[in-house]
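Colleague: There's a structure below that I have some questions on.
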Amino acid sequence: MDYITLVIRLSLVFFLTLIYGVQRQKSHKPVGFGTYILVAIGACGLSIASQELVGINNTVSLLAAIITGIGFLGAGALIKTPDKVFGFTTAASIWFFAIFGVLIGIGEYLIGIILYFLAFVIVLFDESLEKRGIGSYRRKIIITSNKIVGKKELAEIMAGYCTHFNLLYININKKDKKMVYAYLIEGPRKDISHLIKEIYNKKWCTSVFFE
């Protein structure tokens with residue numbers, strides 16, 4: 001393979017992955033642009049090397065090993081808490097960019113570029129749904145009060161901003177005279193921000209923790 005082709009393939013993977021990775025990092029996802037770039041250009045470089053070493057017709061097993069290995073890295077991007085598991089889009093993206101790197105590495109530019117733009121469309125659509133409170137925008141909110149607050153009162157507040165909410169637990173501390181309420185909430189980002197402000201402004205509220 002000539003050096004110009006080598007540089008074109010690696011540069012194409014690098015810059016397109018950089019754009020995608022920066023967008024994900026701006027969205028505060030658990031994996032930033034560095035990981036995406038390393039996965040993609042690593043897969044691309046190994047694909048190019050496999051063609052040079054064993055020929056284009058004998059690279060299938062090596063390429064399959066790349067995709068399988070990256071699958072374990074993607075699984076590590078999943079974040080599990082007692083209440084939920086999230087990070088599936090990030091995990092799938094890592095696996096996808098290994099495939100993207102492989103496709104460009106073996107010279108399948110058209111397929112690689114089409115898949116790349118389809119991935120961007122999927123992610124942007126997913127973010128649009130999150131902002132409207134549809135699907136995956138779920139957060140845990142922990143409210144601490146200096147008096148007993150009825151579940152009905154909190155439920156009425158939640159209902160005004162959330163599409164769904166579930167009470168996870170209530171912790172009563174008689175010694176410090178405080179109560180802790182934990183909810184798993186789902187709704188539009190803007191409405192959830194207003195919810196936090198309203199709860200915080202209540203006289204009985206001493207703190208609000210949001211994760």
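We did not get these values from a lab; they are worked out from the coordinates using the rules stated. All of these numbers come straight from a predicted model, not from anything done at the bench. As a convention, Cβ positions derive from the backbone with ideal geometry for all residues, glycine included, and neighbour counts pool all protein chains shown.
Colleague: Would you tally the net charge around L195, using a Cβ to Cβ cut-off of less than 11 Å, leaving L195 out, and scoring K and R as +1, D and E as -1?
Modeller: Taking every other residue near L195 into account, the sum is +2.
Colleague: A follow-up question, please. State, to one decimal in nm, how far the label point of K140 lies from the label point of K197, with both points 7 Å from Cα in the Cβ direction.
Modeller: 2.7 nm
Colleague: Quick one: which residues, 5 or more positions from T206 or on another chain, have an amide H under 5 Å from its amide H? H modelled 1.01 Å from N in the peptide plane, none for Pro or chain starts.
Modeller: Amide H neighbours of T206: T144, S145, N146.
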